[in-house]
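What follows is a short report on a single structure.
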Amino acid sequence: MKTFIISGSHGTDDPTMATLPFIAAKAAKEQGHDVVLWLWNEAVVLGRKGVADHVIGVNLTPLKDLLAAVQAAGIPIWVCGACAVARQVGEGDLVAGSTIKGMPDYIAAVLERDKSVMF
């Protein structure tokens, strides 16, 4: 088993790129790996309740289904705190399984994990 932090920086501005970190997190978990999903930049809006319902990448599984799979698998979703403030996303706005984390948390996770994958 390996440990991963998979990060996404795209949100509703690019539905295909927004979906890829969720696909990767789901696949890594299904392969038995320990995964954290980190959302920053525009991706923080994907942590807001209801947003995933309207995101469908080109020829990809709808994000709402991938989000449900990520949640069901118990993959923690970390939302960048500074990015969330800039986009007016608060703790109460987040989907289940999401928490707001700071850059020190991200850096610590990158250092502790075997692999860091970025989209």
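The values are calculated or read from the model by the stated rules, or taken from the named source; none is laboratory data. All values derive from a computational prediction rather than experimental measurement. Cβ coordinates were reconstructed from backbone atoms using ideal geometry, including for glycine residues, and neighbour counts include every protein chain displayed.
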Restricting attention to the range 89-107, the residues that are part of a strand (DSSP E or B) and either surrounded by 14 or more Cβ atoms within 10 Å (Cβ to Cβ) or of a type in the set (A, V, I, L, M, F, W, C) (or both) number exactly 4
Only one of (1) out of contact with any His (no Cβ under 6 Å at 6 or more places or on another chain); (2) closer than 19 Å to Val110 by Cα; (3) basic (Lys, Arg) does not apply to Lys2, and that is (1)
Conditions (1) touching a strand residue (DSSP E or B) at 6+ places or on another chain (Cβ under 6 Å); (2) surrounded by fewer than 17 Cβ atoms within 10 Å (Cβ to Cβ); (3) of a type in the set (A, V, I, L, M); (4) closer than 18 Å to Asp13 by Cβ -> Val110 fails only (4)
Query raised in the report: Among the residues of the range 70-88, is there at least one that is part of a strand (DSSP E or B), modelled with pLDDT of 95 or more and more than 12 Å from Gly47 (Cα to Cα)?
Result: no
Taking the range 38-54 and the residues there that are part of a helix (DSSP H, G or I) and aliphatic (A, V, I, L, M), the one that is surrounded by the fewest Cβ atoms within 10 Å (Cβ to Cβ) would be Val51
